[in-house]
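The values are calculated or read from the model by the stated rules, or taken from the named source; none is laboratory data. What you see is a predicted model; the values in this text were computed from it and never measured. Heads up, the Cβs are rebuilt from the backbone with ideal geometry, glycines too, and the neighbour counts pull from every protein chain shown. Protein only, heavy atoms only, side chains kept; ligands, DNA and RNA dropped before computing areas. Shrake-Rupley method; radii C 1.70, N 1.55, O 1.52, S 1.80 Å.
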Amino acid sequence: QVQLVESGGGLVQAGGSLRLSCAASGRTFSRYAMGWFRQAPGLEREFVGATTWSSGNTYYRDSVKGRFTISRDIAKNTVYLQMNSLKPEDTAVYYCANKPSRSLVYHLPGTYDYWGQGTQVTVSS
């Protein structure tokens, strides 16, 4: 069993901050990178960012660059998404996911194998 559990979502005012956590547990699994995705009602799931597990290199979609930061704590087997200067358009269910191997891209959901249950982030005006 592999389990990814997100936490830290909630309601925040525009301009505020929120920190999401994603803790992994269960059997050993291949891990190249951990990604964050989000999905708003009526929209497709979209890539937020990712971090390679070993090196900590990070990648972000343009709309969150400079506002969001992804980090990981290897000892705690946890990846974080620090979200600052939040905007109403950031409102979505946020998911963490495991990318098991290297590929040419980070943004495609199909390149990730294990997913968390999601945590709701709501940004009010």
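Relative contact order of the chain, taken over Cα pairs closer than 8 Å and 6 or more residues apart, is 36 percent. For the stretch 4-19, the Karplus equation 6.51 cos²θ - 1.76 cosθ + 1.60, evaluated at θ = phi - 60°, returns couplings of 10, 10, 8, 8, x, x, x, 9, 9, 6, 3, x, x, 10, 8, 10 Hz by residue, with Gly and Pro reported as x. Computed over protein heavy atoms with a 1.4 angstrom probe, the accessible surface ordering of ASP62, ASP113, ASP90, ASP73, largest first, is ASP62, ASP113, ASP73, ASP90.
What whole-number value in Å² describes the accessible area per residue of the chain for a 1.4 Å probe? Value returned for the chain: 51 Å² of accessible area per residue. Separation of the stretch 1-62 from the stretch 72-115 is 3 Å, based on Cα centroids.
Between THR91 and VAL123, the built amide H atoms are under 5 Å apart, and every one of these is 5 or more places off in sequence or on another chain.
The heavy atoms of SER55 present about 70 square angstrom of accessible area, all protein chains included, probe 1.4 Å. If the viscosity is 1.567 mPa s and the temperature 4 °C, what Stokes-Einstein diffusion coefficient in µm²/s follows for the chain when Rh is the Kirkwood radius over Cα pairs? This corresponds to a translational diffusion coefficient of 90 µm²/s. Counting Lys and Arg as +1 and Asp and Glu as -1 over every other residue whose Cβ lies under 13 Å from the Cβ of SER63, the net charge comes to +1. Among the chymotrypsin sites (Phe, Trp or Tyr not before Pro) in the stretch 17-125, those located in a DSSP loop and surrounded by at most 14 other Cβ atoms within 10 Å of their own Cβ are PHE29. Qualifying GluC sites (Glu not before Pro) in the stretch 1-91, where qualification requires a DSSP coil assignment and no more than 13 other C-beta atoms within 10 Å, comprise GLU44. With R₀ set to 35 Å, the beta-carbon distance separating SER101 from LEU11 gives a calculated FRET efficiency near 0.45.
Seen from SER54, the other residues with C-beta closer than 15 Å to its C-beta sum to a net charge of +3, counting Lys and Arg as +1 and Asp and Glu as -1. Of the solvent-accessible surface of the stretch 55-116, computed with a 1.4 Å probe over protein heavy atoms with every protein chain present, carbon and sulfur atoms account for 50 percent. Near the amide H of GLY118, within less than 5 Å, lie the amide hydrogens of GLU6, CYS96, all on another chain or at least 5 residues away, with H placed in the peptide plane. Converting phi to 3J(HN,Hα) with the Karplus coefficients 6.51, -1.76 and 1.60 and the offset θ = phi - 60°, the stretch 43-53 yields 10, 6, 5, 10, 6, 9, x, 7, 9, 5, 6 Hz in sequence order, with x at every glycine or proline. Coupling constants for the stretch 109-114 follow from the phi torsions by the Karplus curve (6.51 cos²θ - 1.76 cosθ + 1.60, θ = phi - 60°), and in residue order they are x, x, 8, 10, 10, 10 Hz; glycine and proline get x.
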